[in-house]
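Here's the structure, in structure tokens; my notes come after.
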Amino acid sequence: MFTTSDTSVKAKNIRRDNRVRLCVDDQVPLFSFVTIDGIAEIISNEPTEVFKLAKIIAARYMGNDKAEEYGKRNSSEGELLIKIKSTRIIGQKDIAGW
């Protein structure tokens, strides 16, 4: 789950075609990656609903002391809450490790 602006390219693309692919590429040797294919769904555009999850996400990445601040910033009017249901996950760890 993540938040994004209602007017972002990401949101526009999801509305047009909700099939998504997310790739996380670790550039630190020995190099790893994971690719997730899935179906995106816009869960809510209601600021109070978006705030509930935005605060949880913020706590994870920014710490509990900043969760409220970042949660509010990422749940203002015009923000969307998006959920991706994975359909396929591919990954490889330590690609360069012989």
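How high is the FRET efficiency from SER8 to ARG88, r the C-beta distance, R0 22 Å, rounded to 0.05?
Working: r = 24 Å, r/R0 = 1.11.
After rounding to 0.05, the efficiency reads 0.35.
Label-to-label distance, ARG19 versus THR48, with points set 7 angstrom from Cα along the beta-carbon direction: 3.9 nm. Placing one equal scatterer on every Cα of the chain and applying the Debye formula, the log10 ratio I(q)/I(0) at q = 0.12, 0.17, 0.20 Å⁻¹ is -0.49, -0.85, -0.99.
Here the extension length gained between ASP26 and LYS72 equals 13.6 nm, from 0.36 nm per residue of separation less the Cα-Cα distance.
Of the Cα atoms belonging to region 25-71, the radius of gyration and Dmax stand at 15.2, 43 Å. Placing a label point 7 Å from the Cα of ILE36 along the Cα-to-Cβ line, the residues of region 70-98 whose backbone N sits under 14 Å from it are 82-91.
Sorting 84-95, 46-57, 2-13 by average packing, meaning the other beta carbons within 10 Å per residue, from highest down gives 46-57, 2-13, 84-95.
Would you work out the charge dipole size for region 1-44 about its Cα centre, treating the Cβ of every Lys and Arg as +1 and the Cβ of every Asp and Glu as -1, and quote it to the nearest 20 debye? Don't skip to the answer; put the middle values down first.
Details: 6 positive and 6 negative charges, 49 e Å.
Its charge dipole is roughly 240 debye.
Coordinate-derived values only; no laboratory data. Computed from a predicted structure; not experimentally measured. Cβ coordinates were reconstructed from backbone atoms using ideal geometry, including for glycine residues, and neighbour counts include every protein chain displayed.
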